[in-house]
Amino acid sequence: MSDKLETYEAGVAERFVGHIRLPIEVGPLLIRRTALEDHSDLVEMFSQSEVREYDPLNTLTADNIAWMLEQQATIRIGDQGLPMRFAIVMRRDWKVIGDCVLTITNVENRTAEFGISLNRNYWDRRLGALATHAMLGFGFGRLSLHRIFALTDPRNERCWRMMQRVGMRREAHHRRWRSVKGEWIDDYLYAMLADEWEPSTGDGIATEVPPE
């Protein structure tokens, strides 16, 4: 492990213990690290055909999800290349309605990849945009990231329009970028820089995740 990586991870770990507060409460949602008890709600979500439609791997079975949740207990905030998963919880009944993934891909450039899935029964309420905007603020304000990007299938219009709604820019259209089950798939690349994140998007999405 490089000195730069060790220094960043140690710094983030120290800040997490002392200052980086979780969960994040925003509107009707609470966002926290995933836990073993989230299994049944996540199995329900990833069993929905609409949620799985644009999943490039489409392999999140009940056993896969159980393993994934066990692995999350070993991943620290700040670990490079390891996906940090966050549960999106409805505060009124504590049901897990989705999850967010934030993966630090380059420590030196303070860059991370973001992904989100939401239970089909909670679509069309702008909850995905609310959670995405809050997680961008978390990454920039509390993890000191410089750039956060996301990839999505161009056919997934609901997803890329949501990214635009929270202020992310389409930086690229990667043609035939991935081979999935023998088919070449395009990707849209969306991104945001730290100085582009605003507490309010001007489109009715407002969260406050201040720097620590």
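The values are calculated or read from the model by the stated rules, or taken from the named source; none is laboratory data. Worth saying up front: this structure is predicted, and the values here are computed from it rather than measured. In this analysis, Cβ positions are derived from the backbone assuming ideal geometry, glycine residues included, and neighbour counts consider all displayed protein chains.
For the reader, a short list of remarks on this structure follows.
- Long-range neighbours under 8 Å by Cβ, at least six apart or interchain, first residue in contact (Cβ under 8 Å) with a residue 24 or more places away in the chain within region 78-102, second of a type in the set (K, R) and in a loop (DSSP other than H, G, I, E, B): V89/K95
- Any chance T132 is part of a strand (DSSP E or B), under 15 Å from the mean Cα position of the chain (by Cα), within 17 Å of M84 (Cα to Cα) and of a type outside the set (G, A, S): no
- Qualifying residue in region 71-86 (condition: within 22 Å of E198 (Cβ to Cβ), part of a helix (DSSP H, G or I) and out of contact with any strand residue (DSSP E or B) (no Cβ under 6 Å at 6 or more places or on another chain)): no
- Residue satisfying condition, being over 22 Å from Y122 (Cα atoms), at pLDDT below 90 and not small (G, A, S), within set L5, L60: L5
- Considering region 66-82, the residues that are under 15 Å from L143 (Cβ atoms) and not hydrophobic (A, V, I, L, M, F, W, C) include one that is surrounded by the fewest Cβ atoms within 10 Å (Cβ to Cβ), namely G81.
- Unmet requirement for Y122, which otherwise passes all of (1) on the phi > 0 side of the Ramachandran plot; (2) modelled with pLDDT of 95 or more: (1)
- Annotation: G115 fulfils all but one of (1) under 22 Å from D195 (Cα atoms); (2) buried (at least 21 other Cβ atoms within 10 Å of the Cβ); (3) small (G, A, S); the unmet one is (2).
- For the residues R147, R178, R120, the requirement of being touching a Leu at 6+ places or on another chain (Cβ under 6 Å), touching a residue at least 40 places away in the same chain (Cβ under 8 Å) and surrounded by fewer than 21 Cβ atoms within 10 Å (Cβ to Cβ) singles out R147.
- The residue that is farthest from the chain's Cα centre (by Cα), counting only those in region 84-112 that are surrounded by fewer than 22 Cβ atoms within 10 Å (Cβ to Cβ) and over 20 Å from L29 (Cβ atoms), is E108.
- Filter pass, I148 being out of contact with any His (no Cβ under 8 Å at 6 or more places or on another chain), under 21 Å from E37 (Cα atoms), of a type in the set (V, I, T) and not in a loop (DSSP other than H, G, I, E, B): no
- Test set (1) modelled with pLDDT of 95 or more; (2) touching a helix residue (DSSP H, G or I) at 6+ places or on another chain (Cβ under 8 Å); (3) assigned to a helix (DSSP H, G or I) - F140 fails condition number: (1)
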